[in-house]
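Engineer: Dropping a structure here in structure tokens format, bear with me for questions.
The values are calculated or read from the model by the stated rules, or taken from the named source; none is laboratory data. Everything quoted here is computed from the prediction, not taken from an experiment. Cβ sites come from the backbone with ideal geometry, for glycine too, and all protein chains shown count toward neighbours. Just so you know, the surface numbers come from the protein's heavy atoms only, side chains and all, with ligands and any DNA or RNA stripped out. Shrake-Rupley method; radii C 1.70, N 1.55, O 1.52, S 1.80 Å.
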Amino acid sequence: MSEDARLIANHRVHVVPVVLALANPPWQRDVWLDPSVFENVDHVFHTLFDDFCDADEPEQYLGVSLRTEEEVALMRELGVALNTAAAEAPNDTDMEYLQAAAWPEVVAIAGRLAQVMVANDLRELSALHDREP
């Protein structure tokens, strides 16, 4: 596996599950509202804006955690929607985010991005499989 492929895999292993979580409201309620579970909206923001991507300026992550221009465009849309929801959560609680008027848009965009990311990953996996001897 090339260094570039390793880098993108190491980033996507964090980004894709977070995008999938954003696309799944029942999971959000079950996990994020459970205080005994580590993952919450704060984890989402750190993953998508700080640690493995920058949803405000995702172009710089093309080839790092994002595979295509379509993923970049959808990540930018997701960043805008998440920032809009954040403005509706003055105390920064998970419940406030889930109740924000902007949250359904977050879920919808995340659903589209998740579908594209998973399809791109499956295409890459298939290509890797085809290249094996």
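Engineer: Is there any pair with a first residue in region 20-48 that is of a type in the set (Ser, Thr, Tyr) and a second that is open to solvent by less than 70 Å² (accessible area, probe 1.4 Å) whose Cβ atoms are under 6 Å apart and which are 6 or more apart or on different chains, and what are they?
Structural biologist: Taking only residues 6 or more apart or on different chains, the pairs are Thr47/Val18.
Engineer: Inspect region 22-32 for any residue being open to solvent by less than 60 Å² (accessible area, probe 1.4 Å) and in contact with a Gly (Cβ under 7 Å, 6 or more places away or on another chain) and give the result as yes or no.
Structural biologist: The answer is yes, given that some residue of region 22-32 is open to solvent by less than 60 Å² (accessible area, probe 1.4 Å) and in contact with a Gly (Cβ under 7 Å, 6 or more places away or on another chain).
Engineer: Would you mind telling me which numbered condition in (1) closer than 20 Å to Pro17 by Cβ; (2) among the aliphatic types (A, V, I, L, M); (3) open to solvent by less than 70 Å² (accessible area, probe 1.4 Å) Leu125 fails?
Structural biologist: (3)
Engineer: Does region 69-92 contain at least one residue that is touching a helix residue (DSSP H, G or I) at 6+ places or on another chain (Cβ under 9 Å) and modelled with pLDDT under 95?
Structural biologist: Yes.
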